[in-house]
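First up is the structure itself, then whatever we jot down about it.
The values are calculated or read from the model by the stated rules, or taken from the named source; none is laboratory data. Just so we're clear, the structure is a prediction, and the values are computed from it rather than from any experiment. Quick reminder, even Gly has a Cβ in these numbers, built from the backbone with ideal geometry, and neighbours come from all protein chains shown. These accessible areas exclude ligands, DNA and RNA; they are computed on the full protein's heavy atoms, side chains included. Shrake-Rupley method; radii C 1.70, N 1.55, O 1.52, S 1.80 Å.
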Amino acid sequence: MLVSMTYIYGEKMTNPLSQYFRQPAIYIRLPSGGEFYPGGTLDMPPNHELPVLPMTAIDEITYRTPDALFNGTAVVNVIQSCVPNIKDAWVVPSTDLDTILVGIRIATYGHNMDVNCQCPKCSNEDAFTIDLRSSIDAMKPADYKTPMKHRDMEIYFQPMTYKMLNQNNQLQFEEQKVLQSLANVDSN
């Protein structure tokens, strides 16, 4: 049994509720290996496996808040709550994002996920169960160490951060709204 110790006025006090604190449900290895994180934004353990805690009720509510989902704060808050070793989720490289989110899903609901799909040709519906552990194992990052060479230039790439990815998605959404409004004007 895990017991949390607190010192009050120099005396050791145990917290009787410590056994009910959130405990890591899974440990994940980041596909990037922790590269591309600015200093102080990732606390990488010596074994390179990050503990992932299950979502809390507040995390679940946060995921259901449309504005927080749209502006990206829902994902950032849930990542920082469930993977406390990530201090600033805005700088998470896109190569690690899926692994982290799938890890949170496994920690919260278990490693099996039911999926329903419909055949586009015959309209037959089937239900499948996917083992998300194999999905995490299959996630591999692109090779960012090898430069692309063009004539006498070498071009090095790095993955987009979650903040860049979110800003890009917001811009695309705004552009689609403008295009839809233009199409509506043309049809009238």
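With θ taken as phi - 60° and the Karplus curve 6.51 cos²θ - 1.76 cosθ + 1.60 applied, the whole-hertz 3J(HN,Hα) list for the stretch 172-182 is 4, 4, 4, 5, 5, 4, 5, 5, 5, 5, 5 Hz, x standing for glycine and proline. Loop-resident trypsin sites (Lys or Arg not before Pro) (DSSP state other than H, G, I, E or B) in the stretch 55-118 with no more than 15 further Cβ atoms inside 10 Å of their Cβ: 64, 87.
Note down the relative contact order for the stretch 108-161 as a percent, whole number, built from C-alpha pairs under 8 angstrom at least six residues apart. Could you put the intermediate results ahead of the total?
Numbers: 45 pairs, mean separation 12.5, N = 54.
Worked out over the stretch 108-161, it gives 23 percent.
Among the trypsin sites (Lys or Arg not before Pro) in the stretch 126-162, those located in a DSSP loop and surrounded by at most 14 other Cβ atoms within 10 Å of their own Cβ are 145, 151.
Taken one residue at a time, the phi angles of the stretch 156-163 give Karplus couplings (6.51, -1.76, 1.60, θ = phi - 60°) of 9, 10, 8, x, 5, 7, 4, 4 Hz. Gly and Pro are set to x. When chymotrypsin sites (Phe, Trp or Tyr not before Pro) are flagged only if DSSP places them in a loop and at most 15 other Cβ atoms lie within 10 Å, the longest unflagged stretch of the chain comes out as 22-143. Contact order, relative form, for the chain: 19 percent (alpha carbon pairs under 8 Å, 6 or more residues apart, mean separation divided by residue count). Helical content alone sets the calculated 222 nm signal of the chain at -12000 deg cm²/dmol, taking -39,500 (n - 2.57) per DSSP H segment of four or more residues and averaging over every residue. In terms of its alpha-carbon gyration tensor, the stretch 94-141 comes out prolate; a/c meets the 1.5 threshold, and the first ratio a/b outweighs b/c.
Database remark: amide H of residue 55 closer than 5 angstrom to the amide H of 108 (H placed geometrically; neighbours at sequence offset of 5 or more, or on other chains; Pro and chain starts carry no H).
Rolling a 1.4 angstrom probe over the protein heavy atoms with all chains in place gives the stretch 68-147 an accessible area of 55 Å² per residue.
Which pairs, out of 87/163; 121/177; 87/140, put more than 25 Å between their alpha-carbon atoms?
Violating the 25 Å Cα-Cα cut-off are 121/177.
Rolling a 1.4 angstrom probe over the chain with all protein chains present gives an accessible area of which 55% lies on carbon and sulfur atoms.
Summarising the amide proton neighbourhood of residue 65: residues at separation of 5 or more, or on other chains, whose placed amide H is nearer than 5 Å comprise an empty set.
For Cα Rg over 2.2 N^0.38 Å, the value calculated from this model appears in (i) 1.34; (ii) 1.26; (iii) 1.06 under label (i).
Sequentially through the stretch 42-47, phi angles give Karplus couplings (6.51, -1.76, 1.60; θ = phi - 60°) of 9, 9, 7, x, x, 8 Hz, Gly and Pro residues having no value and appearing as x.
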